[in-house]
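For reference, the structure discussed in these notes is given below.
The values are calculated or read from the model by the stated rules, or taken from the named source; none is laboratory data. Computed from a prediction, not measured in an experiment: that's the story for all the values here. With ideal geometry, Cβ positions are generated from the backbone for all residues, glycine too; neighbour counts draw on all protein chains shown. Remember, those area values only see protein heavy atoms, side chains included, never the ligands or the DNA or RNA. Shrake-Rupley method; radii C 1.70, N 1.55, O 1.52, S 1.80 Å.
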Amino acid sequence: MTKKIFLSIVSICTISVLAAIILVTAIIYGRSAEIAEAEVRTDARLIASAVEQNGMGYLDKTDIGKNIRVTWIAPDGSVIYDTNGDPDSLGNHSDREEVSQALEIGEGSSSRYSHTIMKKTVNHAVRLRDGSVIRVSGVHSSLTAELVKGVNPMLAILAAVVLFSVLAASMVSRNIVKPINDIDLAHPKIEKNYKELAPLLEKLRTQNNKVSRQMDELQSSREQFSLMTESMTEGLIIADPKLMVLTCNSSALKLLGAGSFTEGQSIYALNNSDVFRRCLLNALGGRRSECILRTGGGQREVIASPANSIDMVCGLVVFIMDVTEKQELEAMRREFTSNVSHELKTPLTTIYGIADMLANGMVQSGDVAEFGGNIRSEAERLINLINDIVSLSKLDEDAVPHENESVELYSLAEEILGRLKLSAEEKGVVTSLSGERVSLVGSRTILSEVLYNLCDNGIKYNVKGGHLSVKISHVPQRVIIMVSDTGMGIPKQYLNRIFERFYRVDKSRSSRIKGTGLGLSIVKHGVIYHNGTVKVESEEGKGTVFTVELPIEKKQHNE
Ligand code: ADP
């Protein structure tokens, strides 16, 4: 702007001065031309009257001067006398404009311009009494010649004006622009010296207010958005088409195992695995894409969806969910199904084999009883297995009727030890029951299965002459059932696995002892059903203690 004002002032000054010079020169020239014509006219009249009185003698004697030319022309147009030289060499002058006018009306004048010498010749002719004509010619410079003549002073004036205008323009332009530059755009105030800027500044102020209001609104919706996304357990990332992160909540960082992120960072800085990259690139291609990542010791499901705006992907929305538990449950379900099939197949194969031999008469009559016994034992195993699976499935699906009866645990333990009396005797294990009679509200069927499995294990995994003791005790609001044996114990490394389905410690030792690997799972779920806890302590070769703690008032299940 300063430059523009500066150039404008300089050029206006220069053009004005140039125009003024040309105009003044033209006026002066016009005036001097008039004077020159008047002088020639006066000279012509004076010389004509002198010649009239003195004849040729006047012309010969008088020094006419160099600035004018005098010609005496006879009435027939021939030249009698000429100050410039030999009159005979000059042709007939009757056709000259000024001469023909003088011959006709007494006086005549004309002017002629010569481009070669850039001069104008002014002529005036006067007729004498004898019919001859005196013509006086004077030379006057043309306007162009006058201009050319005055070019040097003009240039000097012009240079001075330009110099002055440059200095003045730079000062003026700076002074004009300074207050504009000094305007505080954030808080514009109407300047006293520049009232013309008032509407602009007012508009600026209105715009500023509008922008700051919009910024506040934007900030508050950003905060709201961030508050909402921060409360999500799922990870959320929004990225632009170049995969630069626009927003990312802390769950996303946690689930991807990334430390931190800065806005505008590449999404790959959060996770650089091939699976993740492929998933994002597929989504960029316009298709919703999913993958499973293993990060931070867990499994994450990533769903990347393209954000489309008319025919093109303008960004990505990425959801990340922790599916560790889901995946583990799925794995457990698969393992359970395969274990069940395997456990069912083994006794059935044996039963089929024996039945086949019997059908083909391959068994001697003396061995039939033994083979029959085998079939019964395998069938028993099958029944136990199916019973356990059914119990567990019911507990799993929460399909057990919610019995809220009062169960007296001491007598329940007595009944169970009674049921196991025979197997305890066979194994040579001494059983004992101690404690107090305590009742709690719960399911008799489930509590009896919990106690049965714990006591059955205490006998099965005991040693000959070992001891199994059950103690029921009452503490405020709770019942503690302690089942301890002096059996073979459980190695420490297996303790955290024995409650898993089909898990049997050390297959070789377990194969000697009948079992399904489901007993402790039933115990665990039965205890959970009653909102209780079960703990195990064991020392290999010395024995095992299971401690079950149950609240007396069972909390109501959501039905
Ligand atoms: P199982 O049908 O094999 O008894 P459980 O789920 O009841 O299945 O027990 C899982 C494993 O835990 C058993 O295979 C056994 O090795 C171990 N176990 C359970 N109770 C005891 C115990 N009282 N003493 C030693 N080992 C035990």
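Here are a few things to note about the model shown:
- Of the numbered criteria (1) open to solvent by less than 20 Å² (accessible area, probe 1.4 Å); (2) outside any helix (DSSP H, G or I); (3) more than 7 Å from the ligand (Cβ to nearest atom), the one I459 fails is (2).
- Qualifying position, being basic (K, R), under 19 Å from S411 (Cβ atoms), surrounded by fewer than 13 Cβ atoms within 10 Å (Cβ to Cβ) and more than 13 Å from the ligand (Cβ to nearest atom), among R478, R444, R437: R437
- Among the residues of region 521-537, the ones that are touching a residue at least 12 places away in the same chain (Cβ under 8 Å), within 16 Å of the ligand (Cβ to nearest atom) and not in a helix (DSSP H, G or I) come to 3 in all.
- Number of positions in region 84-111 that are part of a loop (DSSP other than H, G, I, E, B) and open to solvent by less than 50 Å² (accessible area, probe 1.4 Å): 5
- Residue check for I386: open to solvent by 40 Å² or more (accessible area, probe 1.4 Å) and touching a Ser or Thr at 6+ places or on another chain (Cβ under 9 Å): no
- Candidate set: region 462-475, residues that are part of a loop (DSSP other than H, G, I, E, B) and away from the ligand (no atom under 11 Å from the Cβ); chosen: the one least open to solvent (accessible area, probe 1.4 Å): G465
- Identity of the residue in region 136-162, open to solvent by less than 30 Å² (accessible area, probe 1.4 Å) and among the small types (G, A, S), that ends up modelled with the highest pLDDT: S137
- Just one of (1) open to solvent by 60 Å² or more (accessible area, probe 1.4 Å); (2) near the ligand (Cβ under 9 Å from one of its atoms); (3) under 60 Å from the mean Cα position of the chain (by Cα); (4) under 22 Å from N387 (Cβ atoms) fails for K514. It is (3).
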